[in-house]
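Just so it is clear, none of the values below were taken in a lab; they were calculated from the coordinates. Note that the structure is predicted; figures quoted are calculated from it, not measured. Glycine also receives a Cβ, built like all others from the backbone with ideal geometry; neighbour counts cover every protein chain displayed.
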Amino acid sequence: MRCGADTGGTFTDIVTDDGRIAKVLSTPDDPSRAVSVGLSPFSAGGARPRLLAHGTTVATNALLERRGGRVALVTTAGFADVIEIARQDRPSLYDITVDRPAPLVPRELRFEVGGRLDGGGAEIDGLDPRAVPVLPSGLDAVAVCLLHADLDGCHEQVVADELAERGFDDVSCSSQVSPEFREYERTVTTAVNAYLRPRCRRYLRSLGALADEVVVMTSAGGLLAAEAAADLPVALLLSGPAGGVRAGAAAAAAAGFADAVTFDMGGTSTDVCLVRAGSPEPAAQRVASGFPIRLPAIDIHTIGAGGGSLAGLDAGGALVVGPGSAGADPGPACYGRGGTLPTVTDADLVLGRIPPGLAFGGLDTLDRAAAEAALARAGVTAEGVVAVVDAAMERAVRAVSVERGVDPAGLALVAFGGAGPLHACAVAEGSGIASVVIPPRAGVLSAVGLLCSPRQRDLVRSWPTPGDQAGMDAALGELARLARDALANGGSRDGDGDGVETGVDVTTSLDCRYAGQSHELTVSTVDHFDAEHRRRNGYSRAGTAIEVTALRARARAAAAVDIADLGPPPMARRPVEGPAVVAEADCTVWVPQGWSGRVADDGSWVLTR
């Protein structure tokens, strides 16, 4: 048996390779406990799954809640404050009371070292290992980020080797974590990796008892062996949502929609992503908890709006929903677990969108009277709560479509997650999208995506001479070899692979910009840059010199399970006319007045106005 397990803020979802599903309440104090509970019905006689593909929130929650390790930073002399100086932009342009998040490494734990590389990666001053500063005791991890180490990591390796000699066994080097130019972003990404690694290593290693092999989803939409993921936890900040996007893109294509927006509404948050020609839009960098993370990722836009989002009145008497959530404990008032504050799920239940008597995974029958009482105490109405949360999700959809010059009328909205199918039609209508796709097993689709995703390793290297591309093809070929070898080694850091893994596809790409620009686009070749710039920005500059700033390689092996092999959905589907409530085994679908639904060949609902 092979399984996918997605840990969310409220529920943990399990899908097996023969199409069975389970949904249990998450256990925030130890997420692996909920995974174990969810797997237990499928592990007859104590047999372990052969493979567990996991999407985890441990890295994300540790960063949001500031529950990582005690970290020191070793950097080049004169650059200890780069991590705090940051960039000139403000978190909120017109709010003078908003500050940037405090650096993960306080000033007293930042140490400088001699040695220097120039802008091309050549050594100016050597680095004497005896000059590596003495670090205090009681550290959980060390981040090493030296100037221009994205071009040559030799000095960082000297520091790491010296620290290892002194007993520091958890050292993150920027040349291994994020070897890309821009010192601030590279320093922050390396510090975040060091900050998360102690906690994530313990958690991922604890999963070893649950399956013969454990693989973990990265933000880039591919699976890594658990040991490799434990070394690079900063790559796991979109672990679960990335699985949902991959499955959502496949569902859209199967239903006949090459272009779509995936809409994943869970218990705590909503994640949306633009899909073009069947592929999720990529991002070379994203922001997590206020920190720029310079690593490949699927371009997912997240807001604090989910079924468990709390509703109430602000100081001015206006109705607000989220970003706070009731989570799994105590959960919405209707769960009967001690929650007293109203949530979106309570509002949906009161409005009749959730069938009376329905029981979610691990819960008794939902309590409508408790939901009504919670709404009344807060002085809000169910209609108001739903209207506010729908408006917030419409803004998120516009952020990945209209704001990027993409007409929503040509897209489908692929709705999944426990609450997505309840709100999909309203969000689509408000966003100008004509069709909604609700895939089979929509309530656990992220777990489906985890199980059916490929193993993948992404490598990137700065290119030292942006205006001179001599030797670039050879460098791309070498990077592709390293990516293939890393994948053959389970996705571990660049190593000397001892064999070529069969069925591995390796692609390369470039980060390019026009001379004088300060932002890049990723393209397959320089010749494609003008067209991509026109598509993304509405214009191109034919004849302007094009610079290359970074080389990329992606090695990908075929998924262990094809999504088409999971079999028919858990419940037979039929045409429907709104208004109607359709209770599936893993989610509830609300079809409003004026909407109707048909069943596509793959078993998806396709809802249209």
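Points worth noting:
- Alpha-carbon centroids, region 38-57 and region 130-157: separation in whole Å: 39 Å
- In this Cβ point-charge picture (+1 for Lys and Arg, -1 for Asp and Glu), the chain has a dipole of about 1080 debye about its Cα centre.
- Backbone amide hydrogens, once placed in the peptide plane, bring Ala143 within less than 5 Å of Ala72, Leu73, Val74, Ser172, excluding anything fewer than 5 places away on its chain.
- Integer Hz, Karplus 6.51/-1.76/1.60 couplings in order for region 243-254, x for Gly and Pro: x, x, 5, 4, 5, x, 5, 5, 5, 4, 4, 5
- Working ranking of peptides 181-191, 555-565, 114-124 by packing, defined as the average number of other Cβ atoms within 10 Å per residue, highest first, is 181-191, 555-565, 114-124.
- For region 29-92: rounded, prolate or oblate by the Cα gyration tensor [a/c cutoff 1.5]: prolate
- Per-peptide packing, taken as the mean over residues of other Cβ atoms within 10 Å, places 575-586, 60-71 in the sequence 60-71, 575-586 from highest down.
- Mean Cβ neighbour count within 10 Å, used as a protection proxy, ranking 199-206, 41-48, 106-113 highest first: 199-206, 106-113, 41-48
- Gyration tensor (alpha-carbon) shape descriptor, region 155-217, a/c threshold 1.5: oblate
- Spatial separation of Cα centroids for region 410-454 and region 186-239, in angstrom: 27 Å
- Cα-based shape type of region 524-593, given that a ≥ b ≥ c are square roots of the gyration tensor eigenvalues and the cut on a/c is 1.5: oblate
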